[in-house]
1. Net charge around Ala82, counting only other residues with Cβ within less than 11 Å of its Cβ (Lys, Arg = +1; Asp, Glu = -1)?
2. So, counting K/R as plus one and D/E as minus one, what does the shell of residues with Cβ under 14 Å around Lys96 add up to?
3. How high is the FRET efficiency from Lys17 to Asn146, r the C-beta distance, R0 30 Å, rounded to 0.05?
4. Aspartates and glutamates within cross-link reach of Lys41: Cα-Cα under 18 Å, excluding same-chain residues under 8 positions apart?
5. Once the Cβ-Cβ distance between Asn89 and Asn62 is put in as r, and R0 is 22 Å, what FRET efficiency do you end up with, to the nearest 0.05?
6. Please give the solvent-accessible surface of Lys78 in Å², to the nearest 10, using a probe radius of 1.4 Å with every protein chain present.
Amino acid sequence: MGTLNLGSNGTINGVVKKPAHPYMLLRPNSGVDVNHNSHTKISTIFGTTELNQGGIALNTSNGRITFPVVGIYKIRCKVNSASEAHWGNDNQFYLKVNGNTYPHSQAMYGATQKAGGQRWYTPCYLDLCANITNTNDYVEIFFYQNSGNNEALHSEFGFLEVYLIG
């Protein structure tokens, strides 16, 4: 551990930078089809890195996000339908940690659609904290829809953001 010297008046003047603080911001580089009544791993589509520091990683072949240190991580994600999709009555946007559905499953919200109604590029958001207790832990992101048809998620207009909060 280092020493923090606050000076004679107990304050720090200047900017505090944390270049090793784990943070990752990705955007999709491909779309994905979400088949009717099936749970589809979508973390594989986020292949374009905007920012990355501190060792968080996404393996786009298996869709696993891995972490450099244990802690609580904020995971935020936005996806959009590729058409004027109606995702059905039971769409889900959720995390799995180490292959198990995270306890706060289905914590998502999307644009309001009336039954049978459609909205161009309907967005859907996931915003959760995951407790990573081991550096071997991994997170995957899934989407489910039961519209009666296969629906596609767009290759643009989305993001995946992961960062250590504590």
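1. Every neighbour counted, the sum reads -4.
2. Working: positive: Lys41, Arg64; negative: Asp137, Glu140.
Residues near Lys96 contribute 0 overall.
3. Working: r = 47 Å, r/R0 = 1.55.
That pair, Lys17 with Asn146, gives E of 0.05.
4. Those aspartates and glutamates meeting the cut-off are Asp33, Asp90, Asp127, Asp137, Glu140, Glu151, Glu156, Glu161.
5. On the way: r = 31 Å, r/R0 = 1.39.
Plugging the Cβ-Cβ distance into 1/(1 + (r/R0)^6) gives 0.10.
6. 40 Å²
The values are calculated or read from the model by the stated rules, or taken from the named source; none is laboratory data. On a predicted model such as this, the values are computed, not experimentally measured, just so you know. Cβ coordinates were reconstructed from backbone atoms using ideal geometry, including for glycine residues, and neighbour counts include every protein chain displayed. The accessibility values were calculated without ligands, DNA or RNA, using every heavy atom of the protein model including side chains. Shrake-Rupley method; radii C 1.70, N 1.55, O 1.52, S 1.80 Å.
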